[in-house]
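Structure first, commentary second.
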Amino acid sequence: MATSPCSSSGVSSSSSSGLGADAGLEIRTRSVEQTLVPLVSQITTLINHKDKPKRSDKTLQAIQRVGQAVNLAVGRFVTVGEAIANENHELKEEMSVACIEARRAGETIAKLTDVASLDHPESDSHITIFTDKTGVVKAARLLLSSVTKVLVLADRIVIKQIITSRNKVLATMEQLEKVSSFQEFVQIFSQFGNEMVEFAHLTGDRQNDLKDEKKKARMAASRAVLEKCTMMLLTASKTCLRHPDCESARINKDGVFHRMRLALEQVIEIVTDSRPNGENEVAPISIYSGIKEFKNKVEGLRENLYFLSKENLSTMLEVILEHTEDFTDSAYTSHEHREHILELSKQAKMELEQLVSVWMQAQNQKTKDLMEDLEVAILKTCQCMNELKREVHSAATSLAADLLKYHTDHMVLKALKITGVEGNLEAVAEYTCKLSEQKEQLVEMCRLLRHVSGTEPLEITCIHAEDTFQVTGPQIISAAETLALHPSSKIAKENLEVFCEAWESQLSDMSLLLREINDVFEGRRGEKRVYLSLPRPGKHNANLKALKPVKLDTEEQAKIAKLGLELHLLTSDVDSETEKWEDQENEIVQHGQGMSSMAYSMYLFTRGEGLLKTTQDLFHQAEIFATEGTKLASALHALSDQVHNDDKPLLLLEAEKLISMCKQLQITAKASAQGKSATFTKVDACILKTRNVMTLLCQLLPLCCKLLRKNKAGNGCLKPVPPWKEDRIQTGTNARTPERRVDTFGIKSLENHVTNMTFLESK
């Protein structure tokens, strides 16, 4: 594979060829970067050929073909660039200049490589790649620079589309805030929904295209806020229209609008790489990142005793130990963890003092004994920091596990819904206090998890979760107060349900986040378990040897990237559902986890990553996935014998659906495909059908869990919740937890809603 021509700070290429592009052009997206890779590869081939002593006819013809191919490709590229320029007048001048430069450079390369028909290509009478060695380097440099400029300008147009889409959303939001009638609201919200779908598509594509993982995580967080807030905006606005004099309803609605505006602003900051008033983003420092930097400095003393001062090292340790106070001062840190952290902090100071003492001596007299003492001091200091890192990780993750287990039954939310419908203001006030306490616990959990998350994207996810709990808690309270004031209002009840669902969804996301943090800590880098039935060459199928493996090129991978993303989201949903089962050895759970792991491998294939390297690997994985699905269907049939007669038909119907879908997937995976186009069509079909099976699985798992709970069928499904710091909340036995909404893709639910919405409840 060719070396990437781009870096985060500019465009660069092989130093041996002397190529380079405009250093002022920063490549921020994978699509621009990947477009340049084949061009750099071809030009590098030409540059390397100019110095080779042997020049056979075959070599000369190859050089000429490459030169002509570059020129033709540039010509087609420039034609598209010129068309873009004509449609975007503000960039027309810059784009036209870049296109002219690219065309000129392509033609120059074609002339310099026109050597196949010459008897003496090194003759001075005809200027060629061999006689004008600097000319081809100059032309190549100009070509790379101009092509990159065209791509960056085209990328600017994408940014402009996102900004334009954001402005439309903001303008419609302002109209929604001012409406005073249901009829007007329905009309404007329908328009708003369509605009949000467009914005979601544009920002989703941009998120997938970003190179910077930190920006990608921030974009994902902002888009998640917008997705959830869109439904909140609908119900909160309806409630406000139905009860215009209700102060709590107005507060509830205003909170949603404010949060959406902040999220829209953050999206624009990310895509334009700018912040208001030109201020720089100050990233919060975590204990993990502090320890990592501190250890790097300490270990650097082996190579250079003079590259930093003892004051710098002492200051770095002080900052780390200040952050450990977040743990030692927390009311939720256990006494044992607190004592261990304090002991290790004291030990770290002592180890650093010893290190500094030996280090200062070694600077004055570099003897063998002193250098050995320095090595021992370095090792002891780093070991102490590793133990501190392990202790804070244990403190944060054990707290998170306990809290998530305790709050999994959503007892406070159930109580708020019941007392709200009863119009019991006193009881609602009591449970809102309990929810506020729960919010403080979860916010503290997120703050501590951020310190041990291990990667910047996971840090950002922790910060997003903290913000979500901080904002959603008061919104649930205002929605519950509104319902208590208007207990017969269906619209106020629906509004409270929506905010409670958002809270439950965030708790579910925290379970997944906790697992990813543990994966990073244990060195698994946040990847899923490797499924044992992944294809190995020659192991599963003797016919594999007769088939020529095909790899997808960049364009084809881009086409299935969006489908792959849907598959990824579905695996997260399935994992969340399987984690709710107490009996992890249950056959249904085992098959579900296996299918999720295989689907995740197929998702990685759409990104050009993971263990599935070729299309044949993918097809074999799809066959195994379908087989696992058939086994799951058998387990569902067995479960149907344990449930009540009323529930049996539904379960059998879902099992038959699963069998049918798995058979279709197996037929597709086994079908022969000759040629690249047919192979890509088969890949697309396999991933699409896998996605459909996963969508059904997302519906089956909670259904089975519900039926097992209902029938008390031995295996049990929900984990028991131990008491936390207070007595459990007692509510009526008829309290019903709303089913968690399964969404195959972030924007699908909104698209369906906008399509189907013809009127709103006014009762």
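Is it true that L650 is at pLDDT 90 or above and aliphatic (A, V, I, L, M)? Talk me through it step by step, then tell me what you get.
Working: at pLDDT 90 or above: no; aliphatic (A, V, I, L, M): yes.
Taking the combined requirement at face value, the residue does not satisfy it.
Does any residue of segment 241-253 turn out to be in a helix (DSSP H, G or I), over 17 Å from I476 (Cβ atoms), modelled with pLDDT of 90 or more and not assigned by the TED database to the domain that holds L496?
Looking only at segment 241-253, we keep the residues that are in a helix (DSSP H, G or I), and these are 241-242, 247-253.
Still in the list and also over 17 Å from I476 (Cβ atoms): 241-242.
In the following step, the residues that additionally are modelled with pLDDT of 90 or more were identified as 241-242.
Still in the list and also not assigned by the TED database to the domain that holds L496: 241-242.
Yes, because at least one residue in segment 241-253 is in a helix (DSSP H, G or I), over 17 Å from I476 (Cβ atoms), modelled with pLDDT of 90 or more and not assigned by the TED database to the domain that holds L496.
When the residues of segment 672-684 are filtered to those that are of a type outside the set (D, E, K, R) and open to solvent by less than 30 Å² (accessible area, probe 1.4 Å), which remaining residue is nearest to A622 (Cα to Cα)? Give the steps one after another, and end with the answer.
Kept after step one, since they are of a type outside the set (D, E, K, R), are these residues of segment 672-684: 672-675, 677-681, 683.
Keeping just the survivors that are open to solvent by less than 30 Å² (accessible area, probe 1.4 Å) gives 679, 683.
Numbers: T679: 14, V683: 10 Å.
The selected residue is V683.
Would you pick out the residues in segment 420-459 that are open to solvent by less than 10 Å² (accessible area, probe 1.4 Å) and over 30 Å from E391 (Cβ atoms)? Walk me through how you get there before you give the answer.
Initial filter on segment 420-459 (open to solvent by less than 10 Å² (accessible area, probe 1.4 Å)): 420, 428, 435, 442-443, 445-446, 448-449, 451-453.
The answer is G420, V428, L435.
Against the condition assigned to a helix (DSSP H, G or I), open to solvent by 50 Å² or more (accessible area, probe 1.4 Å) and modelled with pLDDT of 95 or more, how does Q470 come out, does it pass? Break it down stepwise before answering.
Values: assigned to a helix (DSSP H, G or I): yes; open to solvent by 50 Å² or more (accessible area, probe 1.4 Å): yes; modelled with pLDDT of 95 or more: yes.
Yes; evaluated as a whole, the condition is true for this residue.
Determine if segment 344-357 includes at least one residue that is closer than 20 Å to Q441 by Cβ, assigned to a helix (DSSP H, G or I) and of a type in the set (G, A, S).
no
Given (1) under 13 Å from M694 (Cβ atoms); (2) at pLDDT below 90, where does F625 come up short, assuming only one miss?
That leaves (2) as the condition not met.
Just checking, does segment 442-454 include any residue being part of a loop (DSSP other than H, G, I, E, B) and either among the aliphatic types (A, V, I, L, M) or in the same structural domain as L262 (by the TED database) (or both)? Give the steps one after another, and end with the answer.
Just the residues of segment 442-454 that are part of a loop (DSSP other than H, G, I, E, B), to begin with: 452-454.
So of that shortlist, the ones also either among the aliphatic types (A, V, I, L, M) or in the same structural domain as L262 (by the TED database) (or both) come out as 452.
For segment 442-454, residues part of a loop (DSSP other than H, G, I, E, B) and either among the aliphatic types (A, V, I, L, M) or in the same structural domain as L262 (by the TED database) (or both): present.
Go through segment 158-196 residue by residue and tally those that are closer than 17 Å to E269 by Cα, of a type in the set (V, I, T) and without any contact (Cβ under 8 Å) to a residue 40 or more places away in the chain.
Of the residues in segment 158-196, 1 are closer than 17 Å to E269 by Cα, of a type in the set (V, I, T) and without any contact (Cβ under 8 Å) to a residue 40 or more places away in the chain.
In this structure, is L170 farther than 28 Å from D509 by Cα, within 29 Å of the chain's Cα centre (by Cα), open to solvent by 20 Å² or more (accessible area, probe 1.4 Å) and not assigned by the TED database to the domain that holds L458?
On the way: farther than 28 Å from D509 by Cα: yes; within 29 Å of the chain's Cα centre (by Cα): yes; open to solvent by 20 Å² or more (accessible area, probe 1.4 Å): yes; not assigned by the TED database to the domain that holds L458: yes.
For L170, the condition - farther than 28 Å from D509 by Cα, within 29 Å of the chain's Cα centre (by Cα), open to solvent by 20 Å² or more (accessible area, probe 1.4 Å) and not assigned by the TED database to the domain that holds L458 - is met.
Exactly one of (1) at pLDDT below 90; (2) of a type outside the set (S, T, N, Q); (3) assigned to a helix (DSSP H, G or I) is unmet by L308. Its number?
(3)
If we keep just the residues of segment 181-231 that are buried (at least 20 other Cβ atoms within 10 Å of the Cβ) and of a type in the set (S, T, Y), which is farthest from V256 (Cα to Cα)?
By that ranking, first place goes to T203.
Just a yes or no: is a residue in segment 392-407 surrounded by fewer than 17 Cβ atoms within 10 Å (Cβ to Cβ), part of a helix (DSSP H, G or I) and free of Cβ contacts under 8 Å to residues at least 12 places away in the same chain?
no
The values are calculated or read from the model by the stated rules, or taken from the named source; none is laboratory data. As the structure is a prediction and not an experimental result, all values here were calculated from the model. We place every Cβ from the backbone using ideal geometry, glycine too, and count neighbours over all the protein chains shown. These accessible areas exclude ligands, DNA and RNA; they are computed on the full protein's heavy atoms, side chains included. Shrake-Rupley method; radii C 1.70, N 1.55, O 1.52, S 1.80 Å.
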